[in-house]
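Below is one structure, written out as structure tokens; the observations come after it.
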Amino acid sequence: TMTDITISDNTTTNYGGGGMYLENSNPTMTDIIISDNTATNYGGGMYLRDNSSPTMTDITISDNTVAVEGGGMYLSNSNPTMTQVIIKGNETIEKSGGGMWLRESNPTMTDIDIINNKADNGNGGGMHISNSNPTMTDITINNNEADEGIGGGIVFSNSNPIMNNITININTAADDGGGMFLNNSNPTMTDITIIGNTANYG
């Protein structure tokens, strides 16, 4: 049980989870700051894998950097419950998922702000979601950027999310899908606002 914790200024040079690495682990996390961490692969701030399903409440994941995937968070086969989470100012340098990358994961996400994240040379400035079916409620995806790719706000690939009360605005992609890019995906969407996004392809 983790309460009122700051995890900052850490580095991993060979693998993932610059700030925190969870494998088959389910902590209860409340009032946590994960900031200014760096990883080579998979999750500059956090890496969750192999059936890790923490309960995360009042969490800030900010200003983390990864070379490859998931500047703020990388989820692989994990299903956290996330409430009142801010994911901001994170960056992936070489590939996708500036704020978050989900692979074969089905988190429950409520009251989440995904803002000011960046994928420098990949897709999904805010989020990249692959083979995953998250439940997303009360989400703001704002001012994220995919510098050299698709989906400034969010990319879905082979995924079927449930999305309620979502705002996707002022995101930018170098190619297609300034706000959202769907590939072989079938979301269920209710009360969605997609406005003021930019796709610069062509």
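The values are calculated or read from the model by the stated rules, or taken from the named source; none is laboratory data. Because the structure is a prediction, the values reported are computed rather than measured. All Cβ positions, glycine included, derive from the backbone under ideal geometry; neighbour counts span all protein chains shown. When the accessible area is computed, the model is the full protein with side chains, heavy atoms only, and any ligands, DNA or RNA have been set aside. Shrake-Rupley method; radii C 1.70, N 1.55, O 1.52, S 1.80 Å.
Using a 1.4 Å probe, how large is the accessible area of LEU182, given in Å² and rounded to the nearest 10?
Per-residue accessible area (LEU182): approximately 70 Å².
Of ASN142, ASN51, ASN106, which has the largest mean-square fluctuation in a 10 Å C-alpha GNM of the chain?
Sorting by GNM fluctuation, first place goes to ASN51.
If ligands, DNA and RNA are left out, what is the accessible area of MET189 with a 1.4 Å probe, given in Å² to the nearest 10?
Its accessible surface works out to 80 Å², give or take rounding.
Two-decimal Rg/Rh of the chain from alpha-carbon positions, Kirkwood Rh? Walk me through the numbers on the way to the answer.
On the way: Rg = 14.8 Å, Rh = 15.7 Å.
Radius of gyration relative to Kirkwood radius: 0.94.
When the C-alpha atoms of the range 116-179 are aligned to their principal axes, what extent does each axis show, in angstrom, from largest down?
The principal-axis extents, from largest down, are 28, 22, 16 Å.
Determine the relative contact order of the chain: mean sequence separation of Cα pairs under 8 Å and six or more apart, normalised by residue count, in whole percent. Provide the component values of the computation, followed by the final result.
Working: 846 pairs, mean separation 25.2, N = 202.
Relative contact order here is 12 percent.
Regarding the range 87-202, what are the three Cα extents along the principal axes, ordered largest first, in Å?
If we take the Cα atoms of the range 87-202, the spans are 30, 27, 26 Å.
Before I look further, what does the range 35-158 give for accessible area per residue, probe 1.4 Å, in whole square angstrom?
On a per-residue basis, the range 35-158 sits at 29 Å².
Would you mind getting me the FRET efficiency between THR1 and GLU104? Use the beta-carbon distance for r and R0 = 25 Å, nearest 0.05.
That gives a FRET efficiency of 0.40.
Compare the peptides 112-125, 10-23 by average per-residue count of other Cβ atoms within 10 angstrom and give them in order, highest first. List each step's numbers first, then the result.
Values: 112-125: 26.3, 10-23: 18.7.
Descending mean neighbour count gives 112-125, 10-23.
With a 1.4 Å probe and every protein chain kept in, tell me what percent of the accessible surface of the chain is carbon plus sulfur.
Carbon-and-sulfur percentage of accessible area, whole number: 38.
Starting from one equal scatterer on each C-alpha and no solvent at all, send me the Debye-based log10 I(q)/I(0) for the range 1-117 at q = 0.17 Å⁻¹, two decimals.
The calculated log intensity ratios at q = 0.17 Å⁻¹ are -0.67.
Given the peptides 80-86, 129-135, arrange them by the average over their residues of other C-beta atoms within 10 Å, most packed first.
On the way: 80-86: 20.3, 129-135: 22.1.
Highest to lowest by the protection proxy: 129-135, 80-86.
For the range 13-62, what Kirkwood radius comes out of the mean inverse Cα-Cα distance, in Å?
One decimal place: 11.0 Å for the Kirkwood radius.
First select every other residue whose beta carbon is under 9 angstrom from the beta carbon of ALA199; then total the charges, Lys and Arg +1, Asp and Glu -1. All intermediate terms of the calculation are to be shown ahead of the outcome.
Values: positive: none; negative: ASP175, ASP176.
My count for the surroundings of ALA199 gives -2.
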